[in-house]
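The values are calculated or read from the model by the stated rules, or taken from the named source; none is laboratory data. The shown structure was predicted, so the numbers you read here are calculated from the model rather than taken from an experiment. Note: ideal-geometry Cβ built from the backbone for every residue, glycine included; neighbour counts use all protein chains shown. We work out accessible area using only protein heavy atoms, side chains counted, and drop any ligands, DNA or RNA first. Shrake-Rupley method; radii C 1.70, N 1.55, O 1.52, S 1.80 Å.
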Amino acid sequence: WAIGRRIMLPLLWPVIAVVALLLAIDDLKGFDLIYVMTDGGPGVSTYTLPIMIWKQGFGSYQMGTACAIALVLLVIINLFVLALNAALRRTAAS
């Protein structure tokens, strides 16, 4: 256990961090499965940002609102990327 915690985990940390980031981005962009299975329903129980962007842009024809929501999603994803970069730099420096 000590070898795994003190040697293997620090060496694997960059790989684990990148995989976690890619999975988080994929989860935030989750559109196809939700749209095909539930179409954002029942009610708004499976409403996510990509579903909201689709419904605002192509359902209500409010492209400006859809673009604003897409920019919010972009900012959220960029915050994840910046946090990962900070964590990787901190581990690379030590």
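Hey, any hits in the range 66-83 for a residue that's over 28 Å from Val18 (Cβ atoms), over 20 Å from the mean Cα position of the chain (by Cα) and not small (Gly, Ala, Ser)? No.
Within the range 84-94, being under 21 Å from the mean Cα position of the chain (by Cα) and either open to solvent by 60 Å² or more (accessible area, probe 1.4 Å) or without any contact (Cβ under 8 Å) to a residue 40 or more places away in the chain (or both) holds for Asn85, Ala86, Arg89.
Annotation: Ile3 fulfils all but one of (1) β-branched (Val, Ile, Thr); (2) surrounded by 12 or more Cβ atoms within 10 Å (Cβ to Cβ); (3) over 18 Å from the mean Cα position of the chain (by Cα); the unmet one is (2). Answer yes or no: is there a residue in the range 19-30 that is in a helix (DSSP H, G or I), β-branched (Val, Ile, Thr), touching a residue at least 24 places away in the same chain (Cβ under 8 Å) and open to solvent by less than 80 Å² (accessible area, probe 1.4 Å). Yes, the range 19-30 has at least one match. Please enumerate the residues belonging to the range 31-42 that are open to solvent by less than 60 Å² (accessible area, probe 1.4 Å) and touching a helix residue (DSSP H, G or I) at 6+ places or on another chain (Cβ under 8 Å). Matches in the range 31-42: Phe31, Ile34, Gly40. The numbered conditions (1) closer than 29 Å to Ala93 by Cβ; (2) open to solvent by 50 Å² or more (accessible area, probe 1.4 Å) are all true for Val81 except (2). Checking each residue in the range 43-70 for being of a type in the set (Val, Ile, Thr), crowded, with 18+ Cβ neighbours inside 10 Å and farther than 19 Å from Ala24 by Cβ picks out no residue at all.
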